[in-house]
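Engineer: Got a structure for you, written out below as structure tokens; questions coming shortly.
Values quoted throughout were computed directly from the atomic coordinates according to the rules given, and no laboratory measurement underlies them. For clarity, every value in this text was computed on a predicted model and none was experimentally measured. So basically every Cβ, Gly included, is an ideal-geometry build from the backbone, and we count neighbours across all protein chains shown.
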Amino acid sequence: MAAHFTKTLATRLKLIKISTRSLSFSARRCMLSEAYKCQDAWTQRLNSDYLQKVDLNDFAVDLRSKFDKSKAMLVDMNVLANKLHEMEKGDALYMEDLIRKYRQSSVSVPVNDCIVYAIVRAYLDLGIADRLIDLMKNKSMYGIFPNPHAVNLIMDHFIKNKDYNASSQIAYEMMLQDDFSHPITYLLSLHSCVNHYNDISLDPPPEPEVNPDEEEDWIPVGIIRYIVYDDHFDIKDERFLMGKTLYTLGRNCAEDSILSQSLQFLGLGLYQKFEKGMNLLEKWAESKDNTLVAEEAVLKFEESLEKAETRNPEEPPKDLGLRTMADAVREFRITNEEKQDYITRFKKLKSELSNRIKEDSLETRVETLVKNVSKYEETDIKTQTELFSIWIEDRDRQIKQQIWEYKRQEKEKEIETKLKEIQTKEEMLRFFENRDRIILSKRGIRPEVGEQEELDIDTIQAIRKKRRQFRT
């Protein structure tokens, strides 16, 4: 019986071991270590006596009043940002309105990394990181431009939760800023987009419904602006955002040529830059590489080409007052004739290069690169810890400066009040000396001003005695 139990246990252990190997650890590999958060160093900012005495709710109300009166200072927003982790989740809208007011004030220029970083950490700690996406997208209203360390923490948070849609949104923002210079940001963006691009529908978005019975409202304007689509910051279609991001990531991938070329080709397909994509493929075909691109990149390019919207080249342009951004975007579409030419050309290329298009997994290749994330952490931790010290010193200096300025203003008010009191008393003391002149001036009679007589010592002492009697 004991032998049977031992055999059964061994069999189960073996099964457990085998099943564990079959699990995917892709999410775990790309997660940053706990040390990367620099939690202990970040917490030290709260050791300030001033911060510990600040009540967040009262301070937020006072700060709103200061913004309304244009009296807010940079250090005020710094203090608020470093206390945001104490707020209730329901207060997020109120605090975001303060961030908006700060952004629209003169003290927000240039962007202060310390304030933005503190906002990011607070939202992550409170579990409302998803709100950061909208804040980052609405740059003109909130001005949230996180530094690389903060960006990495945001993306790592979403990746740990396997929310590749959210982490890809952050990658889009980095693409729009054309900033994949930080190696960890690059690897996390690469991991996010490769795990998410298959979830994006390639079907054209539905056209907005127009009610023919609805009356249009026309309003007079001074200037009618010609709407222009810049094909970068104006991109709203996620197919194009993902495509341009993958293309940019591919261009920056020097470690793996097949992955680099596959991402570029795939990205240009999603971005609907078919001419450029096929030109690149023809250029790569001139090399001696056995494998040019992965098959999944070619298939996705083909699917995107087949589902691409077209425009009618003979359609007359809309009047300037009726032109919308959708009309400007439509001008970037290919014509139906161009689409058929691209399909024919693509099929020919695909047939000619069939032996150099290999079945390969982009995700596996990305996972191989993502393993290198940990080797960049130490440098980041050291740099960010040093930044914490600099930010704390700057904040303490600004607080001391504000306290000194406040005391100076209070002293000036006190001196001004005393001067007014002295002036009032002086006028009362001189009233009896100038009584006759005051009465005459009220009657409209200008008193004659003669030469002032020189007073002897006895007269002066008598006048002073009267003044002392009046004071008492």
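Engineer: Could you give the distance between the Cα centres of region 253-324 and region 57-94, to the whole Å?
Structural biologist: What the calculation gives is 47 Å, centre to centre.
Engineer: Follow-up question, since we're still on this one. Using Cα pairs under 8 angstrom and six or more residues apart, how large is the relative contact order of region 159-234, in percent?
Structural biologist: Value for region 159-234: 34 percent.
Engineer: On to the next question. For a quick check: sort F265, F274 by the number of other beta carbons within 10 angstrom, fewest at the front.
Structural biologist: Ranking F265, F274 by Cβ neighbours within 10 Å, fewest first, gives F274, F265.
Engineer: Here is a further query. Taking the highest mean first, how do the peptides 186-197, 68-79, 215-226 order by number of other beta carbon atoms within 10 angstrom per residue?
Structural biologist: Those peptides, ordered most packed to least, come out 186-197, 68-79, 215-226.
Engineer: For region 109-246, what number results from the quotient of the Cα radius of gyration and 2.2 N^0.38 Å?
Structural biologist: Rg over 2.2 N^0.38 Å, computed on Cα atoms: 1.26.
Engineer: How are the C-alpha pair distances of region 94-157 spread across 10 Å bins, as whole percents from the shortest bin up?
Structural biologist: Values per bin, smallest distances first: 22, 60, 17, 0.
Engineer: Another question about this same structure. Counting helices only, and only those DSSP H runs with n ≥ 4, report the 222 nm mean residue ellipticity of the chain as the sum of -39,500 (n - 2.57) divided by its residues, in deg cm²/dmol to the nearest 500.
Structural biologist: The per-residue figure over the chain is -20000 deg cm²/dmol.
Engineer: Now, a different point. Based only on other Cβ atoms within 10 Å, what is the fewest-to-most ordering of F240, F59?
Structural biologist: In increasing order of surrounding Cβ atoms, one gets F59, F240.
Engineer: Estimate the FRET efficiency between K348 and I128 by the formula 1/(1 + (r/R0)^6), using the beta-carbon distance for r and 56 Å for R0, to the nearest 0.05.
Structural biologist: 0.60
Engineer: Additional query: Counting other Cβ atoms within 10 Å, keep those with at most 14, restrict to DSSP loop, and tell me which GluC sites (Glu not before Pro) in region 68-120 are left.
Structural biologist: Counting only loop positions with at most 14 other Cβ atoms within 10 Å, the GluC sites (Glu not before Pro) in region 68-120 are E88.
Engineer: Using +1 on the beta carbon of Lys and Arg, -1 on that of Asp and Glu, and nothing else charged, what's the dipole of the chain about the Cα centre, debye to 20?
Structural biologist: Dipole magnitude for the chain comes out near 2040 debye.
Engineer: Arranged by the count of other C-beta atoms within 10 angstrom, fewest first, what order do V366, V61 take?
Structural biologist: Listing V366, V61 from fewest to most nearby Cβ atoms yields V61, V366.
Engineer: What is the spin-label model distance, in nm, from K53 to E416 if the labels are put 7 Å beyond Cα along the C-beta direction?
Structural biologist: 2.5 nm
Engineer: If the label point is 7 Å along Cα→Cβ of A41, which residues in region 363-395 have backbone nitrogen under 16 Å from it?
Structural biologist: The answer is 375-394, whose backbone nitrogens lie closer than 16 Å to the label point.
Engineer: Hey, another quick one. Just subtract the alpha-carbon distance of K71 and N165 from 0.36 nm times their residue separation and send over the number in nm, one decimal.
Structural biologist: The span from K71 to N165 would gain 29.8 nm if fully extended.
Engineer: Match the structure shown to one of the listed values (i) 68; (ii) 58; (iii) 77 of percent of Cα pairs over 28 Å apart, computed from it, and give that label.
Structural biologist: Given (i) 68; (ii) 58; (iii) 77, the calculated one carries the label (i).
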